[in-house]
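Working notes, structure below.
The values are calculated or read from the model by the stated rules, or taken from the named source; none is laboratory data. Quick caveat: nothing in here was measured; it's all calculated off a predicted structure. In this analysis, Cβ positions are derived from the backbone assuming ideal geometry, glycine residues included, and neighbour counts consider all displayed protein chains.
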Ligand SMILES: [Mg+2]
């Protein structure tokens with residue numbers, strides 16, 4: 001069987017609205033169009049993964065239980081058909097702590113490429129911060145920068161300097177770069 005393309009998805013500011021250390025279930029709101037866009041990606045054979053930096057865990061701002069409840073609410077709102085999102089990885093470390101998986105580390109992406117026989121040439125990392133885009137580039141896949149989250153003007157200047165595609169939001173990326181319609 002040929003290897004599959006994959007999407008590595010940042011959570012906050014990419015799939016759901018970014019509330020800065022989002023940790024309450026009632027804060028969870030999908031960015032408009034994301035649900036339909038992800039359904040289209042699954043229909044086109046993309047394997048889906050979420051990779052999220054959650055330093056609020058090690059900062060003591062919220063608990064793993066709160067984090068898991070937020071993910072459960074997001075998945076409920078997305079209502080994806082099987083196989084849905086194959087794996088969700090959170091890095092709980094603060095930026096000043098050593099971490100294997102905290103973006104811009106490519107480790108999770110590289111592990112998933114090997115484990116799920118993914119095609120890096122047709123795979124993307126999408127997110128709203130420089131650390132997301134660098135994680136994709138560090139893993140040797142493409143990155144797309146979203147304006148739907150916490151990115152600052154200087155971040156998008158950085159993205160341009162690295163030749164990273166910049167889009168308004170995830171649905172625009174799916175239409176423009178993956179060529180999918182729904
Ligand atoms: Mg984000």
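Where residues in the stretch 1-10 are under 24 Å from residue 107 (Cβ atoms) and surrounded by fewer than 22 Cβ atoms within 10 Å (Cβ to Cβ), which of them is nearest to the ligand (Cβ to nearest atom)? Within the stretch 1-10, the match that is nearest to the ligand (Cβ to nearest atom) is 5.
Screening residue 103 with (1) assigned to a loop (DSSP other than H, G, I, E, B); (2) more than 13 Å from the ligand (Cβ to nearest atom) gives one miss only, at (2).
Looking across the stretch 59-74, the residues that are more than 16 Å from the ligand (Cβ to nearest atom) and surrounded by 15 or more Cβ atoms within 10 Å (Cβ to Cβ) come down to 66, 69, 73.
Based on what the data block shows, is residue 98 more than 16 Å from the ligand (Cβ to nearest atom) and either touching a residue at least 40 places away in the same chain (Cβ under 8 Å) or outside any strand (DSSP E or B) (or both)? Considered against the rule, which asks whether it is more than 16 Å from the ligand (Cβ to nearest atom) and either touching a residue at least 40 places away in the same chain (Cβ under 8 Å) or outside any strand (DSSP E or B) (or both), residue 98 comes out as yes. Summed over the stretch 143-182, residues that are part of a strand (DSSP E or B) and buried (at least 19 other Cβ atoms within 10 Å of the Cβ) total 4. Scanning the stretch 31-57 for residues that are over 17 Å from residue 175 (Cβ atoms) and within 14 Å of the ligand (Cβ to nearest atom) yields a total of 7. The residues of the stretch 114-142 that are crowded, with 21+ Cβ neighbours inside 10 Å and more than 13 Å from the chain's Cα centre (by Cα), listed by number, are 118, 139, 141.
If you take the residues of the stretch 19-43 that are modelled with pLDDT of 95 or more and out of contact with any helix residue (DSSP H, G or I) (no Cβ under 9 Å at 6 or more places or on another chain), which of them is surrounded by the most Cβ atoms within 10 Å (Cβ to Cβ)? Checked the stretch 19-43; the qualifying residue surrounded by the most Cβ atoms within 10 Å (Cβ to Cβ) is 42. Just to be sure, is residue 48 under 17 Å from residue 111 (Cα atoms) and not in a loop (DSSP other than H, G, I, E, B)? Yes, satisfied. Of all residues in the stretch 133-161, those being without any contact (Cβ under 8 Å) to a residue 60 or more places away in the chain and out of contact with any helix residue (DSSP H, G or I) (no Cβ under 7 Å at 6 or more places or on another chain) number 11. Residues of the stretch 106-132 being in a helix (DSSP H, G or I) and touching a helix residue (DSSP H, G or I) at 6+ places or on another chain (Cβ under 6 Å), which ones? Of everything in the stretch 106-132, those that are in a helix (DSSP H, G or I) and touching a helix residue (DSSP H, G or I) at 6+ places or on another chain (Cβ under 6 Å) turn out to be 109, 110, 113, 120, 130. Note on the stretch 56-69: residues that are touching a strand residue (DSSP E or B) at 6+ places or on another chain (Cβ under 8 Å) and either under 19 Å from residue 35 (Cβ atoms) or not in a helix (DSSP H, G or I) (or both) total 1.
Select from the stretch 75-93 the residues that are without any contact (Cβ under 8 Å) to a residue 24 or more places away in the chain and part of a helix (DSSP H, G or I) and write down the one among them that is surrounded by the fewest Cβ atoms within 10 Å (Cβ to Cβ). This residue is 76. A single member of 112, 125 is touching a residue at least 60 places away in the same chain (Cβ under 8 Å) and either under 17 Å from residue 18 (Cα atoms) or away from the ligand (no atom under 16 Å from the Cβ) (or both), and it is 112.
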